[in-house]
Each structure stands twice: as structure tokens, then as C-alpha cells.
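Read-outs throughout are calculated quantities, based only on the coordinates presented, and are distinct from any laboratory measurement. Just so we're clear, the structure is a prediction, and the values are computed from it rather than from any experiment. Neighbour counts run over all protein chains shown; Cβ positions are idealised from the backbone, glycine included.
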């Protein structure tokens with residue numbers, strides 16, 4: 001925490017002291033990057049010490065995070081992060097790619113990537129003695145905040161549009177969060193959250209708007225780096241690492257980029273991986289701006305079955321474009337049909353992804369087919385959430401099961417017809 | 001694997017060589033216990049060596065399992081087990097219990113305890129070169145088999161009654177399993193599975209019927225023991241450990257009992273923990289037999305919202321009764337309403353359980369209220385599955401969220417009415 005020295009606006013580059021601001025830039029509303037003092041970090045810890053840590057969560061990277069030791073060992077709070085990287089080269093070969101890995105974020109406590117952001121935001125909330133953490137969310141971010149807050153006994157309030165699926169709301173309520181449904185859309189819930197936080201002194205977790213969300217999300221980059229240094233690199237001829245990330249509001253890809261930049265600044269990252277952002281074609285505001293060659297995000301009327309990345313107005317678009325530009329990456333858009341195929345492909349190797357989670361894999365397939373990546377690149381695809389979050393979509397990804405009479409005769413007849 | 005020396009029938013005590021039988025006792029149909037040669041195991045490994053293993057899965061206990069090194073590192077297959085034990089003493093204090101822990105099996109790859117059984121059965125299937133693994137299941141066991149089989153590229157066929165919820169079937173299909181719906185009930189699917197396995201040389205995973213399911217499930221006991229020896233015991237005055245387990249067909253509790261018996265035979269377990277089985281009152285065939293004082297399981301017409309333990313005819317009842325008798329435990333039955341309350345209680349500390357998973361906690365509450373356990377006992381409650389598996393039940397466990405206009409005025413009005 002001694003290394004947390006301030007914020008820098010991603011638009012005007014103005015610096016602020018830690019106590020000077022809390023959320024976005026007061027000058028132009030730009031999202032803030034957390035500034036760390038890398039020389040202090042390097043005095044505290046070496047990369048080898050991190051590799052040797054026995055902490056099986058994102059808290060193994062505490063020296064590179066802008067919060068202090070949060071406590072709450074032996075709770076789900078200390079199980080966020082440390083997600084597995086699975087070898088899936090069998091899948092890659094079909095597309096001429098030799099080294100393919102999937103980092104499975106569905107293994108987080110509330111079954112999505114968002115636990116990373118919520119864990120770090122909750123840690124920050126405890127430090128500033130916030131009574132309440134509040135967020136606008138219809139899905140994974142809300143579940144993650146509710147779950148992480150419950151684990152440490154922190155009060156959480158979540159605003160969601162009244163049209164949110166009751167099944168998604170149920171999880172927030174089970175975690176004991178106070179849920180308030182708003183008779184309006186996501187944007188009106190988002191705005192009300194900010195206003196309420198300001199009025200009541202609540203701490204606002206809203207994605208992108210709160211600089212600590214990206215700080216939590218960057219821990220995925222730390223884990224990719226640690227995996228690369230201790231395992232992945234060994235299997236690679238050319239040390240080219242390409243990371244595929246699904247993109248909705250742009251905060252995950254921005255956070256991952258920030259993580260790699262931190263490591264580079266520390267001198268711990270040999271070469272910046274290429275980051276490739278994948279958006280659903282029906283929700284591609286960031287990809288659109290990227291292809292237009294500028295940073296101007298024009299809202300869309302989002303329409304994709306990948307609900308976790310279905311976003312009209314991305315809240316972290318500018319940094320999400322830079323994550324690609326500064327790493328020699330690109331954006332790729334995929335249709336819902338390709339996303340459904342990706343769910344089935346990942347399922348066949350034992351990974352059950354929600355549509356937004358499989359979107360990155362759909363982007364990988366397209367990239368391989370279009371020559372965006374090379375056969376001896378090492379590819380790491382991020383699955384951001386569990387298929388159990390959206391079983392309806394899974395049902396669309398597969399063919400219905402046949403029905404037979406419960407007899408050997410019927411079974412034999414069926415097997416003859418289908419298997420051979 | 002060198003320690004696997006045969007089977008013993010749980011009814012007639014007859015022994016069989018490893019190659020002599022495959023499933024239940026040919027003599028009386030009794031479930032078979034796997035016999036291990038403990039002296040061979042003790043020559044291979046010490047408890048301290050196990051504690052120092054870096055393998056973060058149930059495969060850290062390989063020397064005490066009846067299978068050889070299965071391979072498939074870096075796949076979900078090597079992520080079964082190694083589930084966290086969460087400190088939840090805050091919950092326990094309400095009931096006068098000082099030390100309460102929850103072991104969260106929802107953190108398994110397919111989000112339930114059943115991955116343990118399926119991982120070990122799939123390992124066995126590879127060893128005997130089975131082309132197909134087959135099982136009857138409507139839920140977690142099927143998902144676990146499908147997921148573990150997908151992870152290693154093993155063909156799986158799953159029979160389910162046609163009345164099974166399409167959402168549960170979707171997960172099996174996503175994992176690439178061949179699903180065949182049977183126009184009949186679970187029992188007819190079960191019987192057809194056995195007949196088909198015999199006819200086609202498929203390997204049958206059916207719970208209890210296949211001796212390797214309990215061998216997989218016993219790894220939870222190994223983890224409880226390892227946690228107890230390396231952590232839990234330190235917080236305990238009297239070294240009394242009581243384990244609460246939800247019971248449906250009886251195979252989980254039997255497997256856990258087998259695990260503790262293995263450890264005792266190895267001389268590694270100081271004192272047998274008390275095991276307390278918890279059944280839903282509407283599906284209590286095993287508890288009924290226990291209270292009648294015999295081992296005669298009389299089928300019931302099961303009716304509980306805890307679908308994963310809703311069982312007319314338990315397939316492992318006899319051993320499930322002994323697990324309690326031989327450990328000075330007891331059975332407890334709980335109503336569906338108590339199960340719903342347990343879901344909400346666990347949620348408040350960040351653990352999202354399905355009804356069957358929360359049943360053990362409901363049993364703990366009742367035990368504490370009825371003086372079945374003591375205030376300075378150390379209590380470990382097993383949550384066997386994720387709440388994401390049954391969001392409908394979660395919706396019943398909580399109160400609906402209120403709806404307000406998206407304005408500060410409406411918000412203030414609401415907060416005044418409710419919070420203050």
C-alpha cells in the first residue's frame with residue numbers, strides 16, 4: 001500500500017494525490033489509472049518471491065496492489081483469482097495452432113472474472129472505512145460484489161433495472177446484498193448509484209468509474225505472466241504470447257493491459273504480449289471506434305445473447321482501445337452463432353463457459369482462420385464466466401437429446417441408427 | 001495402484017480379487033468396498049509427504065487410491081477436489097457453537113462433490129481401456145461424469161429420465177456427452193444402464209453400484225483430515241471433530257466413512273470424527289431405517305425441493321447407516337423450509353449452496369438446538385453443490401427485491417421507510 005502514490009487521468013494525463021479524488025477525473029470525467037511507485041515495490045519484493053508464495057488467490061500479488069493486507073483468510077474473499085490455465089492444444093490443432101491454453105475464470109468464487117475487481121474494491125472500502133459499497137449491475141459484477149462483501153461482512157447495495165432476470169437477482173439476494181430494482185434501464189441505475197454514493201457517502205464500485213476495478217482485474221495479467229514465466233514459456237519456440245479477451249464495457253481488457261504495464265515498469269516482463277479484444281458484433285462500440293481509427297466511442301443499441309458483454313455505452317472504451325494499439329493487437333467481432341459454437345467447442349474439453357466467456361474463443365477461431373495469429377504463437381484465451389450463469393444459452397448451443405423407450409431393444413435400435 | 005488388492009462385500013463380507021468382479025457382489029448384490037494393502041501404502045508414502053504435496057487436487061492422495069497415475073495435468077480433471085474450508089464461526093455463535101467451518105464442494109470443476117467420484121471412475125476406465133463410461137443421472141453425477149470425461153477425451157453416455165429439466169441436460173450436452181432420454185423414471189434409466197454396460201462392454205459409473213465412486217468420494221475425508229491435522233486442530237480445545245453430510249442415496253457419506261477408515265488403518269488418524277447424516281424429511285429412507293434400528297431400507301416416494309438428495313430407493317443405504325453407527329453419529333431430518341433458511345444463512349457469509357448442499361447446514365442448526373453437539377466441538381459442514389445449479393430454489397430462499405423510480409427522491413423515500 002506504501003506504493004500507491006496517486007491517480008492519472010487517462011484523457012488529460014493530470015495527476016492527483018490519493019486523497020484528492022476518488023473516482024473519475026474532476027476535469028474531464030476521464031477514467032483514472034492508479035499510479036504505483038515501482039521502485040518502492042522492487043524494494044519490497046522480487047518476482048521470485050512472488051512465484052514462491054503459498055497464497056492461492058490474487059492476494060499473492062499484494063505488493064503490486066494499491067491496498068494493504070486485507071485479512072479475512074479462510075473466506076471466499078481469499079479465493080478470488082488463482083484460476084487454472086488449461087492445456088487445450090487439441091482444440092487449437094484444428095485451426096493450425098500448436099499451443100492453445102484457456103485460463104478459466106469461471107473457477108472464481110462467484111463463478112466469474114468480476115470477483116477480482118470486487119475483492120480489491122471491497123479491500124479498499126474497508127481501508128477507507130466505507131459503511132456501504134454500492135454498484136449498478138444486472139449480472140456478474142453485482143454477484144461478485146455481493147459475494148465478496150458477504151465474505152467479509154461488508155454491507156453492499158446493488159441497483160439493477162427492474163427488467164433484470166429474477167434468477168440473476170436471486171444470487172445477489174442470497175448473498176445478503178440489499179437489491180433495489182429501478183424502474184428504468186441500466187444507465188439510469190448507473191447514474192442513480194453515483195448520485196446516491198455522493199449523497200450518502202457510500203463507496204461506489206461502478207466498473208471503470210472506480211479506479212480500483214481495473215486494479216483488481218489486472219491481477220489476471222499477473223497470473224498470466226506468472227504462468228508464462230514458470231510454465232507456458234517452456235513449451236514455446238518463439239516466446240510470442242497472444243491473449244484473447246472478450247470485451248463489453250472495456251474494463252477487463254484495460255485492467256489486463258494495466259497489469260502487463262505494471263510488470264513491464266518493474267522490469268519483470270520480458271516482452272508485452274499481444275492483446276486481442278473480441279466483441280459481439282451486436283455490441284461492438286469499442287471495436288467500431290478502433291476500426292474508425294480514433295478513440296471516440298459512439299453508443300450502440302446492443303443486441304447479443306452474450307449478456308455480460310452486451311453494452312450500449314462502454315464505460316472504459318478509451319483505455320480498451322489503447323490496450324490493443326499499444327500491444328500490437330487488434331479487435332475482432334463475432335456473431336452470436338459463432339459464440340454458440342465456441343460454447344460447444346470449450347465444453348468438449350471440459351470447460352463450461354457463458355456466452356460472454358466463450359466470445360474470446362470465437363475470436364480466436366476467427367483470428368486463426370484470418371491469419372491474425374501464427375501457428376507457433378502461444379495463444380491464451382480467457383473464459384470470463386461460468387456457463388451455469390446462463391443455461392438458456394447453453395441449450396441453444398447443443399442439439400436436443402433423443403428420447404427412447406426404457407428397453408434394450410429400443411436402445412439397440414437407436415444405437416444402430418445413430419452410431420453406425 | 002499396487003496397493004489395490006481386491007473387494008469385500010458389505011453384506012456377506014466375501015472377498016474378491018481385483019479381476020474377479022467389477023461391480024456389486026455376485027452373491028447377494030451388496031455394494032463392494034475396495035480393499036487396500038495398507039502396509040504397501042505405508043512403505044510408499046508418509047502423511048508428512050502428502051501434506052507437502054504441491055498437487056492442488058484430489059490426486060495428491062494417489063498413493064491411497066486404487067488407481068495409478070492418471071495423467072491429464074493442466075485439465076479440469078486435475079482440478080477435482082482440493083476444495084476450501086471456510087471459517088464461519090460467526091454463523092455458529094448464533095447457536096452457541098464456537099468453531100464452525102464449511103467445506104465448499106461447489107468449488108469443484110463442475111460445481112459439485114460428484115466430480116470426486118467421476119474423476120476416479122474415469123481414471124479407472126482409462127486403466128481398463130473402457131471405450132465408453134455410462135451412467136444414469138439427472139443431475140450432478142451426470143454433469144460430473146460428462147465434465148471429467150470431456151477433460152480427458154473419454155466417451156461418456158448418460159441415461160436420464162425424459163422428465164429431467166432441460167437446463168440440467170444442457171450441461172451434459174455441452175460437455176459433449178451422448179445423452180439418451182428414457183421414457184420412464186430414474187430407476188428404469190438405472191436398470192437400462194446396467195444392462196447396456198453388460199451387453200456392450202461399457203464401464204458403468206452408477207453410484208454405489210460401482211465401487212470406485214466411494215473411492216473417489218473418500219478423498220473428501222482425506223482433505224478434511226489433512227485440514228484438521230495442519231490447521232483445524234490448532235483452534236480446538238478438545239479435538240472433537242463432527243462432520244455434517246447431506247444424504248440422498250448414501251454414497252457420499254459411505255465414501256467419507258471409508259476415507260476415515262483408510263486413514264485409521266494407516267495409523268494416520270488419531271480419532272474417528274463423528275459423522276452426522278442429514279436427510280430431507282421428504283426423502284428419508286436411510287434415516288428411517290436408522291431410527292428403526294436396522295439396515296433394512298424401505299423405499300419412499302421422495303418429495304423434497306433438494307433434488308440432488310431426492311431419492312426413492314437409496315443405492316448405498318446399508319453403508320450409509322454404518323457410517324453413522326460406527327462413528328457415534330446420528331441421522332437428522334430437516335424440512336424444506338429449514339433447507340431454504342440454510343441457503344440464506346450460508347449466502348450471508350458468501351457461500352452459495354444448492355438445496356442439497358445447504359441441507360447439511362440445516363441439520364447442523366437442528367443438532368445445535370437439540371444438544372446433539374457441544375459448544376466446544378469443532379463442526380465441519382459439507383456444502384455439496386453450487387446454488388447456480390438450482391437458482392429457482394434460491395429464489396424461494398429470499399424475499400423479492402423492491403422496485404423504485406430512478407430518482408434520488410424515490411430512493412430517499414424508500415430508504416427512510418425501510419432502513420431507518
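Once you treat every alpha carbon in the protein assembly as shown as an equal point and sum by Debye, what is log10 I(q)/I(0) at q = 0.08, 0.10 Å⁻¹? Log-scaled intensity ratios, in q order: -0.67, -1.06. The mean count of C-beta atoms from other chains within 10 Å of the C-beta of residues in A:186-194, rounded to a whole number, is 2. What separates the Cα centres of segment A:196-219 and segment B:213-234 is a distance of 39 Å.
Legend: translational diffusion of segment B:318-412 by Stokes-Einstein, Rh = Kirkwood radius over C-alpha pairs, 20 °C, 1.002 mPa s; D = 139 µm²/s.
An oblate overall shape is assigned to segment B:262-395, the ratio a/c of its alpha-carbon gyration tensor axes (a ≥ b ≥ c) being 1.5 or greater and a/b not exceeding b/c.
The mean sequence separation of alpha-carbon pairs under 8 Å and at least six residues apart, normalised by the residue count of chain A, gives a relative contact order of 15 percent.
Taking the square roots of 5 times each eigenvalue of the Cα gyration tensor of segment B:101-142, largest first, gives ellipsoid semi-axes of 23, 12, 6 Å. Among B:254, B:188, B:24, the largest mean-square fluctuation in a Gaussian network model of chain B, built with springs joining Cα atoms closer than 10 Å, belongs to B:188. Can you tell me what share of the DSSP beta bridges in segment A:223-380 is antiparallel? A percent to the nearest 5 is fine. Here the share of antiparallel DSSP bridges comes out near 0 percent. Peptide B:80-89 has a mean shielding of 3, counted as Cβ atoms of other protein chains within 10 Å of each residue's Cβ.
Checking the a/c ratio against 1.5 first, then a/b against b/c, what shape does the Cα gyration tensor give for segment B:1-91? Note, shape of segment B:1-91 comes out prolate. Peptides A:363-370, B:359-366 ordered by packing proxy, namely the average of other Cβ atoms within 10 Å per residue, highest first: B:359-366, A:363-370.
By the helix-only formula, in which each DSSP H run with n ≥ 4 contributes -39500 (n - 2.57) and the sum is divided by residues, chain B has a 222 nm mean residue ellipticity of -12000 deg cm²/dmol.
Computed over the alpha carbons of segment B:19-65, Rg followed by Dmax gives 14.9, 43 Å. Among A:273, A:406, A:161, the largest mean-square fluctuation in a Gaussian network model of chain A, built with springs joining Cα atoms closer than 10 Å, belongs to A:406.
The long axis of helix A:219-230 is offset from the longest Cα principal axis of chain A by roughly 70 degrees. Each listed q (0.13, 0.14, 0.16 Å⁻¹) maps to a log10 I(q)/I(0) for segment A:62-189, found by the Debye formula over equal Cα scatterers with no solvent: -0.60, -0.67, -0.80.
Cα centroids of segment B:143-161 and segment A:320-345: 29 Å apart.
Taking every residue in A:404-417, how many Cβ atoms of other protein chains lie within 10 Å of its Cβ, on average?
Values: counts 8, 5, 16, 7, 7, 0, 4, 10, 3, 0, 1, 5, 0, 0.
Rounded to a whole number, the mean comes out at 5.
Under a Gaussian network description of chain B, with springs only between Cα atoms under 10 Å, the residue in B:231, B:410, B:306 that fluctuates furthest is B:410.
Here residue B:416 and residue A:183 are evaluated by their C-beta separation; at R0 = 22 Å the FRET efficiency comes out at 0.75. Among beta bridges from DSSP that stay inside chain B, the antiparallel ones total about 25%. Here segment A:160-253 is treated as a sphere whose radius is the Kirkwood value from Cα pairs; by Stokes-Einstein at 37 °C and 0.692 mPa s it diffuses with a coefficient of 198 µm²/s.
Debye sum, Cα scatterers, segment B:200-272, no solvent: what log₁₀ I/I(0) at q = 0.12, 0.24 1/Å? Per q value, in the given order, log10 I(q)/I(0) is -0.38, -1.09.
In plain terms, if you count all Cα to Cα distances in chain A and split them into 10 Å steps from zero, the share in each step is 5, 23, 33, 25, 10, 3, 1, 0 percent. When peptides B:167-177, A:283-293, A:309-319 are sorted by average Cβ neighbour count within 10 Å, with the highest value leading, the order is B:167-177, A:309-319, A:283-293.
Computed as a quarter of the hull surface, the mean projected area of the alpha carbon convex hull for segment A:77-149 stands at 6.0 nm². Per residue, the convex hull around the alpha carbon atoms of segment A:221-307 comes to 122 Å³. Spatial offset of segment B:362-420 relative to segment A:72-99 amounts to 32 Å, using the alpha carbon center of each.
Relative to the longest principal axis of the Cα atoms of chain B, helix B:355-369 runs at roughly 70 degrees.
Antiparallel beta bridges, as assigned by DSSP with both residues in the protein assembly as shown, represent about 25 percent of the total such bridges.
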